[in-house]
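Asker: Here it is: the structure, laid out below.
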Amino acid sequence: MLYEFKSKAAGTVVMTGAVGDRMLAIIGRAPEPKGVFTSEQLGAAIEALQAAITAEKLAPQQPTTDSHDKDDEASEKTGDEISLAQRALPLIELLVAARAAGKPVTWGV
């Protein structure tokens, strides 16, 4: 499944199902194939994503002791891990633009 977050105030932000589910969970919404953030809800959504990014940055990095496949090991060696900030930034920018324009953000609609 793909999420396409849209607003008349800005372009479309596309996320894979797992990433979109995570963003919605952080914001406090159940993962759903269709939904809307009203202009009144955008401020709280932006704050929730920014708080989660800050919490991730402040959390100590703990090495994992689980077994890894080759792709995971390569990612660890090259530092190619994608942070929450990198994943959330396009959505945050869309939410900010929509809030400034007083427009809702929808997905699956």
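FYI, it's all coordinate maths here, none of it is from the lab. Here the structure is a predicted model, which is why all the values come from computation and not from measurement. For neighbour counting, all protein chains shown are included, and Cβ atoms are generated from backbone atoms with ideal geometry for every residue, glycine included.
Asker: Give me the extension gain from L2 to T16: residue separation times 0.36 nm, minus the current Cα-Cα distance, reported in nm with one decimal.
Answerer: Details: separation 14, 0.36 × 14 = 5.04 nm, distance 0.47 nm.
That pair, L2 and T16, stretches by 4.6 nm at full extension.
Asker: For A97, what charge total do you get from the other residues with a beta carbon under 15 Å from its beta carbon, if Lys and Arg give +1 and Asp and Glu give -1? Let's see the in-between values first.
Answerer: Numbers: positive: K6, K8, R99, K103; negative: E93.
Value of the local net charge: +3.
Asker: Here's a follow-up. In nm, give the distance between the simple-model label positions of T54 and V96, each being 7 Å from the Cα along the Cα-to-Cβ direction.
Answerer: Rounded to a tenth, the inter-label distance reads 1.5 nm.
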